[in-house]
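Undergrad: Quick one: this structure, given as structure tokens, is what I'll be asking you about.
No lab work stands behind these numbers, since they all come straight from the coordinates. Note that the coordinates shown come from a computational prediction; the quantities given were computed from them, not determined experimentally. Cβ atoms come from the backbone with ideal geometry, glycine included; neighbour counts cover every protein chain shown.
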Amino acid sequence: MIAIDLGSNTIRFIEYDGMQWGKSFEKIVRTAEGLDHSGQIGKAAVERIIHAIEEAKAVLDFHSHEVVAITTAAMRMAHNSKMIRQTIEEQTGILFHVIDGEKEALLTLKAVSNRLYHLNIPSDDFILVDVGGGSTEVTVVSESNSYTKSFPLGIVTLSEKSHTNDILERELTFYHTMIATYIKDLALVSLPKTLVMTAGTPTTMVAYKMGMSYTSYNANKINGSFLMREDCSEILNALIEMDTSMRAYYVGVGREELIMTGIRILEMLFDTLQYEHALVIDDGLREGVALNYYSEATLNT
């Protein structure tokens, strides 16, 4: 099968046969561009999405596989979501299903837990943070129980909302309080030992630390690596000093400015959750969709 995750910033594809991962493809499409102001997904974003799907068809075997396509925060928020998804289906043959924040978090948790298992890392006591383009999911796994909450905080939407540094600081303070309250209300005996981060910002930061460019990115090297709290300011300062083309070399075209906001969000999360380092996993929602497809197929046989 082919799993597709259309996020607020990136569209990601991967092949999976129930045992082995196949080819993958991803493209920055900025689905949520202008969404915070207009409440709608724009024509330019739709064209980028359709073009990315056509590019993926040249890489992956769509004719031989069933396709499961989901979409998240941007489509949840957009007033014209249904019309946009119909347009995409008419032009590409791919129908995207909108999932809510809780489902998004649970599928991502499935993928991350699977990767931790294969890395021989305990997966029964950790906090998982997934910072996307339009939302951030925080999942707490403690004593075999899991608790999850989706917050409307994303790198695209926050970037577009924060015209000044004062607005950015105010938004980060607001979500710091909200997330801290959520964790406190869980009344855990103690915080899990491990903080795990997934999604584009932490994986890109680790890749930069390893000397990778956007085109030489290697997920196998990213999985199981660590990102330190102090890395945030160091990488942020280094990116600020680069010109746009050099920054794009490391983070990808279309993410040159967004990555700055993403790092600021990670700084806030490190401080809110009171961790000094995080384990970084590349696997995310698309892998969770693929794993869930075969889990459900097994249950239905």
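Undergrad: For segment 49-111 and segment 200-239, what is the separation of their Cα centres, given in Å?
TA: Centre-to-centre (Cα) distance: 27 Å.
Undergrad: With an 8 Å cut-off on Cα pairs and a minimum separation of 6 or more residues, tell me the relative contact order of segment 1-105 in percent. Could the numbers behind the result be given before it?
TA: Working: 178 pairs, mean separation 29.6, N = 105.
Contact order relative to length: 28 percent.
Undergrad: With loop defined by DSSP as not H, G, I, E or B, and exposure as at most 16 other Cβ atoms within 10 Å, which is the longest segment of the chain clear of exposed GluC sites (Glu not before Pro)? It would help to have the intermediate numbers written out before the result.
TA: Details: sites that count: GLU66, GLU143, GLU257, GLU276.
Looking at the chain, 144-256 is the longest stretch - no exposed GluC sites (Glu not before Pro) with at most 16 other Cβ atoms within 10 Å.
Undergrad: Between SER245 and THR164, what length in nm is gained on full extension when 0.36 nm per residue of separation is reduced by their alpha carbon distance?
TA: That pair, SER245 and THR164, stretches by 26.8 nm at full extension.
Undergrad: Using a basic spin-label model with each label point 7 Å from the Cα along Cα→Cβ, how many nm lie between ASP271 and HIS118?
TA: In this crude label model, ASP271 to HIS118 measures out at 3.6 nm.
Undergrad: Treating only the Cα positions of segment 177-218 as identical point scatterers, give the base-10 log of I(q)/I(0) from the Debye formula at each q in 0.22, 0.26 Å⁻¹.
TA: Taking Cα atoms of segment 177-218 as identical point scatterers yields -0.76, -0.89.
Undergrad: Expressed in whole Å with the largest first, what are the equivalent ellipsoid semi-axes of segment 2-100 derived from the C-alpha gyration tensor as the square root of 5 times each eigenvalue?
TA: Working: eigenvalues 112, 32, 28 Å².
Calculated on Cα positions only, the semi-axes equal 24, 13, 12 Å.
Undergrad: Right, something else. Going 7 Å from the Cα of THR181 in the Cα-to-Cβ direction, what parts of segment 141-158 have a backbone nitrogen less than 16 Å from that spot?
TA: The answer is 149-153, whose backbone nitrogens lie closer than 16 Å to the label point.
Undergrad: Note the full-extension length gain between ASN220 and HIS51 as 0.36 nm times their separation in residues minus their Cα-Cα distance, in nm to one decimal. Don't skip to the end; give the middle numbers.
TA: On the way: separation 169, 0.36 × 169 = 60.84 nm, distance 2.74 nm.
Full extension from ASN220 to HIS51 adds 58.1 nm.
Undergrad: Dipole size in debye (nearest 20) for segment 2-100 around its Cα centre, Lys and Arg Cβ +1, Asp and Glu Cβ -1? Can you show the working numbers first?
TA: On the way: 10 positive and 14 negative charges, 58 e Å.
Roughly 280 debye, rounded to the nearest 20.
Undergrad: As a check on your grasp of the helix formula, calculate [θ] at 222 nm for the chain: sum -39500 (n - 2.57) over DSSP H runs of n ≥ 4, divide by the residue count, round to the nearest 500.
TA: On the way: 13 runs with 148 residues, N = 301.
Result for the chain, helices only: -15000 deg cm²/dmol.
Undergrad: Could I ask something else about it? Could I have the simple spin-label model distance between SER38 and ASP125, label points 7 Å from Cα toward Cβ, reported in nm to one decimal?
TA: With each label placed 7 Å out from Cα toward Cβ, I get 5.0 nm.
Undergrad: Here's another thing I want to ask about it. Any idea what Rg and Dmax come out to for segment 102-286 if you just take the C-alpha atoms, in Å?
TA: Rg, Dmax (Cα atoms, Å): 15.7, 48.
Undergrad: Turning to a different aspect of this structure: Only counting other Cβ atoms within 10 Å, I'd like ASP231, ASP130, ASP5 sorted with the fewest neighbours first. Show your work: numbers first, answer last.
TA: On the way: ASP231 21, ASP130 25, ASP5 28.
So the ranking, lowest neighbour count to highest, is ASP231, ASP130, ASP5.
Undergrad: For SER64 and MET83 in one chain, what is 0.36 nm times their gap in residues minus the Cα-Cα distance, to one decimal in nm? Before the final figure, lay out each step's value.
TA: Numbers: separation 19, 0.36 × 19 = 6.84 nm, distance 2.80 nm.
Taking SER64 through MET83 to full extension adds about 4.0 nm, to one decimal.
Undergrad: Bin by bin, in steps of 10 Å, what percent of the Cα pairs in segment 181-275 do you find, going until the bin that has the longest distance?
TA: Spelled out bin by bin, segment 181-275 gives 14, 46, 27, 11, 2 percent.
Undergrad: Looking at this model, which pairs from LYS57/LYS82; LYS161/LYS193; LYS43/LYS149; LYS110/LYS184; LYS23/LYS149 are more than 27 angstrom apart at the alpha-carbon? Kindly include the intermediate steps, with their values, before the conclusion.
TA: On the way: LYS57/LYS82 23 Å; LYS161/LYS193 34 Å; LYS43/LYS149 31 Å; LYS110/LYS184 24 Å; LYS23/LYS149 31 Å.
Over 27 Å Cα-Cα: LYS161/LYS193; LYS43/LYS149; LYS23/LYS149.
Undergrad: Which of ASP17, ASP185, ASP61 moves the most in a Gaussian network model of the chain with Cα springs under 10 Å?
TA: ASP185
Undergrad: Can you work out the PRE-style zone for GLU102? Point 7 Å along Cα to Cβ, and I want the residues of segment 142-179 with backbone N under 11 Å.
TA: 148-150
Undergrad: Dividing the convex hull volume of the Cα atoms of segment 234-301 by its residue count, what figure in Å³ per residue is obtained?
TA: Numbers: hull volume 8.7 nm³, N = 68.
Cα-based convex hull of segment 234-301, divided per residue, equals 128 Å³.
Undergrad: Taking the Cα centre of segment 102-286 as the origin, how large is its charge dipole in debye, to the nearest 20, when only Lys and Arg (+1) and Asp and Glu (-1) carry charge on their Cβ atoms? If you can, show how the numbers build up before the last one.
TA: Working: 15 positive and 24 negative charges, 84 e Å.
It comes to approximately 400 debye.
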